[in-house]
Amino acid sequence: MLRALMADWRSTFAAPDLPFLVVQLTAFGKAQTVPTDSGWAALRQAQAGAVAADSHAGLAVTIDVGDRFDIHPAQKKVVGERLARLARVVAYGRGGPRTGPEASEAVRQGGDVVVRFRNVTGGLQRYGGAGAIGFERCAGTTCSFVDGVVQGDTIILPGANRPDVTAIRYAWSDAPFVNLFDGADLPAAPFNLPLR
């Protein structure tokens, strides 16, 4: 529906290159102590997919500034700054990445899984704790949490490579706890990737 909306507005206003800046749904709702399916996370993935397919659109990831109890979180300044960064690139054609860290692939490596990221400024960083949290390994519809180890622009998920594991998810809940950012203080985008 988001793709249809963008196409309709561009047609209606006779502006085929009309830029769209989309704020990804933030954390809202009950925090989960075990992995679960999340319609809210699926909507975030749909937003990301619609924007990725459109060269005149950008996505502001806001997974880190949500309020579990208020669907309209108070940290508007952070959201505005991220939209301004996007506008410079998408609407005004200035150089630079459109967004922060985005997972590009999850691959098997020995007993581990390696998640590679793109659009990382200054390397991946985790705040608080020994590892990057919010990662899940999934065997069909059964998922379990696994901590990640930061290595440059990649995350290593030690021991996550099992024969039945088919996918890796990150921040896949209504209100996930996350601590993975890049050097520009932009949060890693939520994802659900098939494991290769």
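The values are calculated or read from the model by the stated rules, or taken from the named source; none is laboratory data. Since the structure is predicted, the reported quantities are computational estimates derived from the model, not experimental observations. Backbone-built Cβ (ideal geometry, glycine too); neighbour counts: all protein chains shown.
Brief remarks on what is shown
- For Trp172, the conditions (1) at pLDDT 95 or above; (2) surrounded by 22 or more Cβ atoms within 10 Å (Cβ to Cβ); (3) in contact with a Leu (Cβ under 7 Å, 6 or more places away or on another chain) are fulfilled apart from (3).
- The strands (runs of 3 or more DSSP E) found entirely in region 44-163 that carry 2 or more residues being more than 30 Å from Leu18 (Cα to Cα) are 102-109, 112-118, 124-126, 135-139, 142-145, 149-151, 154-157.
- Any chance Arg3 is touching a helix residue (DSSP H, G or I) at 6+ places or on another chain (Cβ under 6 Å) and outside any loop (DSSP other than H, G, I, E, B): yes
- Close pairs (7 angstrom Cβ cut-off, 6 or more residues apart or separate chains): on the phi > 0 side of the Ramachandran plot in region 93-122, crowded, with 19+ Cβ neighbours inside 10 Å and of a type outside the set (A, V, I, L, M) anywhere: Asn119/Thr99; Asn119/Gly100; Asn119/Pro101; Asn119/Glu102; Gly122/Asp182
- Residue within region 113-134 that is within 15 Å of Val34 (Cβ to Cβ), of a type outside the set (A, V, I, L, M) and out of contact with any His (no Cβ under 6 Å at 6 or more places or on another chain) present: yes
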